[in-house]
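What follows is a single structure, written as structure tokens, with notes after it.
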Amino acid sequence: MGLFDGKKGIVFGVANKYSIAWGIAKVLAEEGADVGLSYAMPALERRVRPLAEQINARYLVKCDVQNDEEIEAAFEKAKEVFGTIDFLVHAIAYAKREDLDGLFVDTSRDGFHLAMDISVYSLVALTRAAAPLMPNGGSIVTMTYYGSEKVAPRYNVMGVAKAALEASVRYLAYDLGPKGIRVNAISAGPIKTLSAAGVSGFKKLYQYFPKVAPLRKHVTQEDIGHTAAFLLSDWARGITGEVIYVDSGYNILGLTAPLEEI
Ligand code: NAP
């Protein structure tokens, strides 16, 4: 018996096998879920289709979250394939490369809007589209990072977007709670992915992290997958509007330099 036997849902944000979205999809499928996948660009299908086949996904849809028609079409297709769904994973973010370098004060209006649209508004849009397919309640999980709360140099506009994303989680949880739909975020420690590679200085941060995080190790795709599975499952039925840290304990630190180096 798997934790997700008889449960259906969609994971948005698979770019390749290193994506956090893929780590989550794999765990859900292993636990018996009927998992559909969504990706952003036609060019990605080559990479994502073999992953979909690996978990016997019946649903594989391209959806650029900046495009309302594509969102509508993705959920029409979901209704056709699944009828109803139990869970949705939003693991999507984007900012211009130049806005993930240098100073936050230099962020352009255009870059700010773009980051907010793809990384924040998309959660609102996908949640609104998914809710009618969750008549018996459901669970939604998105991905955030500690740069929302504290300054992470060069994370810049994405830190501001993640703060808005976490606030959106709370407002969505409030709106949809009466329908039995829960909305939560996972705040993950650094993981080597395509998006992470776009943040200037990520490599240094990644190397530093296990030296100071209380658990003295990196978090893995599987660590995120297991926590996401918990939040998406009935075992988390009393939890909504929360940000859960999967970061080897990094967020509890007041002093992030190793003592021996001070
Ligand atoms: P990833 O594999 O690059 O995933 C990011 C996904 O967002 C990609 O599939 C990307 O597709 C998609 N995306 C971008 N623009 C889109 C659009 N317009 N429409 C639909 N999808 C779009 O990187 P990841 O690290 O797994 O990121 C997943 C989530 O985890 C993000 O929210 C990220 O901020 C968060 N997170 C990551 C870390 C980390 O260290 N990696 C830590 C904390 C939180 P394209 O590749 O086609 O653009």
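The values are calculated or read from the model by the stated rules, or taken from the named source; none is laboratory data. Quick caveat: nothing in here was measured; it's all calculated off a predicted structure. Cβ: placed from backbone, ideal geometry, glycine included. Neighbour counts: every protein chain shown.
Pick out the one residue from GLY189, GLY225, GLY180 that is more than 9 Å from the ligand (Cβ to nearest atom), small (Gly, Ala, Ser), surrounded by 20 or more Cβ atoms within 10 Å (Cβ to Cβ) and modelled with pLDDT of 95 or more.
None of the others qualify; the one that does is GLY225.
Quick one: which strands (runs of 3 or more DSSP E) lie wholly within region 1-68 and hold at least 2 residues that are touching a Leu at 6+ places or on another chain (Cβ under 8 Å), under 23 Å from LEU231 (Cβ atoms) and β-branched (Val, Ile, Thr)?
Once the strands (runs of 3 or more DSSP E) in region 1-68 are filtered for at least 2 residues that are touching a Leu at 6+ places or on another chain (Cβ under 8 Å), under 23 Å from LEU231 (Cβ atoms) and β-branched (Val, Ile, Thr), what remains is 8-12.
Do we find a residue being surrounded by fewer than 17 Cβ atoms within 10 Å (Cβ to Cβ) and more than 26 Å from SER168 (Cα to Cα) anywhere in region 248-255?
yes
Would you say HIS90 is surrounded by fewer than 19 Cβ atoms within 10 Å (Cβ to Cβ) and either within 16 Å of the ligand (Cβ to nearest atom) or more than 30 Å from VAL151 (Cα to Cα) (or both)?
no
Take the conditions under 15 Å from the mean Cα position of the chain (by Cα) and not small (Gly, Ala, Ser) and apply them to VAL151. Does it pass?
Criteria not met by VAL151.
When residues of region 208-229 are filtered for being part of a helix (DSSP H, G or I) and either over 13 Å from PRO258 (Cα atoms) or in contact with a Ser or Thr (Cβ under 9 Å, 6 or more places away or on another chain) (or both), how many remain?
13
Against the definition (touching a helix residue (DSSP H, G or I) at 6+ places or on another chain (Cβ under 6 Å), aliphatic (A, V, I, L, M) and touching a residue at least 24 places away in the same chain (Cβ under 8 Å)), how does VAL219 come out, yes or no?
Taking the combined requirement at face value, the residue does not satisfy it.
Provide a single number: the residues in region 202-247 that are of a type in the set (A, V, I, L, M) and within 21 Å of ILE85 (Cβ to Cβ).
We begin by selecting, within region 202-247, every residue of a type in the set (A, V, I, L, M); these are 205, 212-213, 215, 219, 224, 228-229, 231-232, 236, 239, 243-244, 246.
When the remaining residues are screened for being within 21 Å of ILE85 (Cβ to Cβ), the result is 224, 228-229, 231-232, 236, 239.
Total satisfying the criteria: 7.
Across region 107-157, what is the number of residues that are assigned to a loop (DSSP other than H, G, I, E, B), surrounded by fewer than 22 Cβ atoms within 10 Å (Cβ to Cβ) and not aliphatic (A, V, I, L, M)?
9
Looking at GLU166, GLU222, which is the one that is closer than 17 Å to TYR18 by Cα and under 16 Å from the mean Cα position of the chain (by Cα)?
Among GLU166, GLU222, only GLU222 is closer than 17 Å to TYR18 by Cα and under 16 Å from the mean Cα position of the chain (by Cα).
Taking VAL212 as the residue in question, decide whether it is away from the ligand (no atom under 14 Å from the Cβ) and either out of contact with any strand residue (DSSP E or B) (no Cβ under 7 Å at 6 or more places or on another chain) or under 29 Å from PHE104 (Cβ atoms) (or both).
Numbers: away from the ligand (no atom under 14 Å from the Cβ): yes; either out of contact with any strand residue (DSSP E or B) (no Cβ under 7 Å at 6 or more places or on another chain) or under 29 Å from PHE104 (Cβ atoms) (or both): yes.
The answer is yes for VAL212.
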